[in-house]
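Colleague: My structure is below; once you've seen it, I'll send some questions.
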Amino acid sequence: MVTPPPTGPLVTRDTLRDQVRELGVRPGETLLVHSSLSALGWVNGGAVAVVRGLLDALGPGGTLVVPTQTGDLSDPALWSNPPVHPEWWAEIRATMPAYDPLITPSRGVGVVPEAVRTWPGALRSAHPQTSFAALGPRAAEVVEGHAPDCRLGERSPLAKLEAMDARVLLLGAGYASCTSFHLAEYRIPSPRVAVGRPGPHGWETVTEVSISSDRFDELGYDFERDRPVLRGKVGAAEARLFPVQDAVDYAARWLATHRPREEE
């Protein structure tokens, strides 16, 4: 059986650079990117070409930031995709390797963040479950000081990005992946939960703000209806560009009204 040719369009490093600049990405800015490689079309060079194209668009003065989350470093009792046998839970907790920013791979955020994480000169934040990686002159400023009990709040890179007037680029990714909305959860009444994870001295539990992306797609729809979101195409992908601060401010109001969650 003959394999059909790949679905286009053909995307190269140069076309990606040109199209994100046409969307509005500016040389020298700090950009938080959520991405889907498969949404772009047929990318010549895969994730490496995407990273090179983004760095070309930002220029030597720009800083590229991506989520490099590691949700698998969590309590196996909460796993559902797939679940594991309950009789394994204790041994999994006892033997799970602790987070190491240099070698722990990202999970669930796509192949572009993993390419950034392993890029020469990349820096990565210290949180064992919700880290970010960054490339560029402001990388250290973005990732330093990520508190171990603050996944996506005031002592995370998201608050740094907001203060830097950084922008978000959704590159084939939907609003469900928009981490900036989570920062808003720390600014409104939200429940707190016990979070289990491997630590440097064995299994540990910390108390954290409960975060959830429930209804983020609906939130995003209202956000781009009411706020100036730049929209366009990069390859075959829908792309959206907007300030972190706009997203956080809007989400704080929207979530308090449409998805209230009582403090505990």
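Colleague: So what's the gap between the Cα centers of region 122-139 and region 155-232, to the nearest angstrom?
Modeller: Region 122-139 and region 155-232 have Cα centres spaced 16 Å from each other.
Colleague: Please name which of Leu183, His85, Met96 has its Cα lying farthest along the dipole of the chain towards the positive end, using unit charges on Cβ (Lys, Arg +1; Asp, Glu -1) and the Cα centre as origin.
Modeller: Of the candidates, Leu183 comes out farthest on the positive side.
Colleague: Pull up all non-local amide H partners of Ser35: gap of 5 or more, or a different chain, and H-to-H distance under 5 Å with H placed in the peptide plane.
Modeller: Here Leu171 satisfy the definition.
Colleague: Also: Highest first, please rank the peptides 175-187, 73-85, 196-208 by the mean number of other Cβ atoms sitting within 10 Å of their residues.
Modeller: Details: 175-187: 22.5, 73-85: 11.7, 196-208: 14.4.
Result, highest mean Cβ count within 10 Å first: 175-187, 196-208, 73-85.
Colleague: Please list the non-local residues whose amide H lies under 5 Å from the amide H of Thr68, H modeled 1.01 Å from N, same-chain partners needing a gap of 5 or more.
Modeller: Sorted by chain and number, the residues that satisfy this are Ser131, Phe132, Ala133.
Colleague: Through the Karplus equation 6.51 cos²θ - 1.76 cosθ + 1.60, θ set to phi - 60°, convert the phi angles of region 227-241 into ³J(HN,Hα) values in whole Hz; use x for Gly and Pro.
Modeller: 10, x, 9, 7, 10, x, 10, 10, x, 8, 8, 6, 10, 9, 9
Colleague: Residue by residue, what Karplus-based ³J(HN,Hα) values in Hz, rounded to whole numbers, does region 177-188 have, using 6.51, -1.76 and 1.60 with θ = phi - 60° and x for Gly and Pro?
Modeller: 9, 6, 5, 4, 4, 5, 4, 4, 5, 7, 10, 10
Colleague: Still on this model: Using the Karplus curve 6.51 cos²θ - 1.76 cosθ + 1.60 with θ = phi - 60°, what ³J(HN,Hα) values do you get for each residue of region 45-58, in whole Hz, with x for Gly and Pro?
Modeller: Couplings: x, x, 4, 4, 5, 5, 5, 4, x, 5, 5, 4, 5, 7 Hz.
Colleague: Just from its helices, what would the mean residue ellipticity at 222 nm be for the chain, if runs of 4 or more DSSP H residues each count -39500 (n - 2.57) and the sum is divided by every residue, rounded to the nearest 500 deg cm²/dmol? Can you show the working numbers first?
Modeller: Values: 9 runs with 82 residues, N = 264.
It lands at -9000 deg cm²/dmol.
Colleague: Now for a separate question. Report, in degrees rounded to the nearest 10, the 0 to 90 angle that the Cα long axis of helix 216-226 makes with the longest principal axis of the chain.
Modeller: 50
Colleague: Please name which of Ser131, Gly232, Val143 has its Cα lying farthest along the dipole of the chain towards the positive end, using unit charges on Cβ (Lys, Arg +1; Asp, Glu -1) and the Cα centre as origin.
Modeller: Working it through, the farthest residue towards the positive pole turns out to be Gly232.
Colleague: Additional query: Name the shape class, rounded, prolate or oblate, that the alpha-carbon gyration tensor gives for region 116-213, where a ≥ b ≥ c are the square roots of its eigenvalues, rounded holds for a/c under 1.5, and otherwise prolate holds if a/b is larger than b/c and oblate otherwise. Each step should come with its number before you reach the end.
Modeller: Numbers: a/c = 1.77, a/b = 1.19, b/c = 1.48.
Here region 116-213 falls in the oblate category.
Colleague: For the pair Ser38 and Glu87, what calculated FRET efficiency results from E = 1/(1 + (r/R0)^6), where r is the Cβ-Cβ distance and R0 = 41 Å, to the nearest 0.05? The partial results should precede the final answer.
Modeller: Details: r = 37 Å, r/R0 = 0.90.
The formula returns an efficiency of 0.65 here.
Throughout, read-outs are computed from the coordinates displayed, never taken from laboratory work. All values derive from a computational prediction rather than experimental measurement. Ideal geometry is used to build each Cβ from the backbone, glycine not excepted, and the neighbour counts take in all protein chains shown.
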